[in-house]
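Structure, as structure tokens:
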Amino acid sequence: MKKPIFMLLALGLFTFASCESNTENRTEEGMEEVEQGTEEVGNDIEEGAEEVEAGVEEGAEEVENEVQ
């Protein structure tokens with residue numbers, strides 16, 4: 001008798017745990033927006049760093065050419 005009751009309780013817990021609530025959905029959507037925002041900021045920072053790197057390389061080449 002204990003096994004069937006245990007199985008029903010376990011099944012009920014799995015069913016309850018798989019239910020998604022509106023709060024959970026809104027939280028996930030908010031986290032996705034934050035993730036997208038951070039990716040955009042990261043891309044902007046990377047582009048800026050690449051521009052700075054290109055400027056530094058150009059400056060180094062100019063100095064090297066002046067020395068020669």
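The values are calculated or read from the model by the stated rules, or taken from the named source; none is laboratory data. Bear in mind the structure is a predicted one, so any value in this text is a computation, not a measurement. Methodologically, a virtual Cβ is constructed for each residue, glycine included, from the backbone with ideal geometry; neighbour enumeration extends over all protein chains shown.
Restricting attention to region 16-68, the residues that are more than 14 Å from the chain's Cα centre (by Cα) and assigned to a helix (DSSP H, G or I) total 33. Only one of the numbered conditions (1) loosely packed, with under 10 Cβ neighbours inside 10 Å; (2) among the β-branched types (V, I, T); (3) modelled with pLDDT of 90 or more is not met by T15, and that is (3). For beta carbons closer than 9 Å, sequence separation of 6+ or different chains, a first residue in region 51-68 that is exposed (fewer than 10 other Cβ atoms within 10 Å of the Cβ) and at pLDDT 90 or above and a second that is polar (S, T, N, Q) and assigned to a helix (DSSP H, G or I), there are no qualifying pairs.
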